[in-house]
1. Counting helices only, and only those DSSP H runs with n ≥ 4, report the 222 nm mean residue ellipticity of the chain as the sum of -39,500 (n - 2.57) divided by its residues, in deg cm²/dmol to the nearest 500.
2. Under a point spin-label approximation (7 Å from Cα along Cα-to-Cβ), what is the Arg40-Ile73 distance to one decimal in nm?
3. Could you work out the local net charge near Asp28, counting Lys and Arg as +1, Asp and Glu as -1, over the other residues with Cβ closer than 12 Å to its Cβ?
4. For the stretch 29-80, which whole-number percentage of the solvent-accessible area (1.4 Å probe, protein heavy atoms only) is attributable to carbon and sulfur atoms?
5. With every protein chain left in place and a probe of 1.4 Å, what is the accessible surface of Ser60, to the nearest 10 Å²?
6. Just the number please: accessible area per residue for the stretch 1-75, 1.4 Å probe, all protein chains included, in Å².
7. Longest span of the chain, sites excluded, free of GluC sites (Glu not before Pro) in DSSP loop with at most 13 other C-beta atoms within 10 Å?
Amino acid sequence: MNIYVGNLSYRLRENDLRGVFEEYGQVDSCRIVTDRETRRSKGFGFVEMPDDGAAQKAISELNEAELEGRKLIVKESLPREEYRPKGRY
């Protein structure tokens, strides 16, 4: 399951985020989205967990939990075509 994690501290690193989710089960990948030019965090990322049960538990327990002074937004990530409006981009 692919999980969206928002409202991340700009200082948080991928290894730190991975560690938080590994408390709930195996993590296949962890990526914090960064700005192409500045390479600074955009404050959100994605975590992929192969076990849907572990992923659901992580989502329910980590959503609105505080990490580095910020309240996380954690939810199942939707495929791009489901949330991106159609049109020219």
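1. -7000 deg cm²/dmol
2. 1.9
3. -1
4. With neighbouring chains kept in place, the figure for the stretch 29-80 is 42 percent.
5. Surface open to solvent at Ser60 totals about 90 Å².
6. 63
7. 38-63
The values are calculated or read from the model by the stated rules, or taken from the named source; none is laboratory data. What you see is a predicted model; the values in this text were computed from it and never measured. Every residue, glycine among them, receives a Cβ derived from its backbone with ideal geometry; neighbour counts consider all protein chains shown. All accessible areas refer to the heavy atoms of the entire protein, side chains included, with ligands and DNA or RNA removed. Shrake-Rupley method; radii C 1.70, N 1.55, O 1.52, S 1.80 Å.
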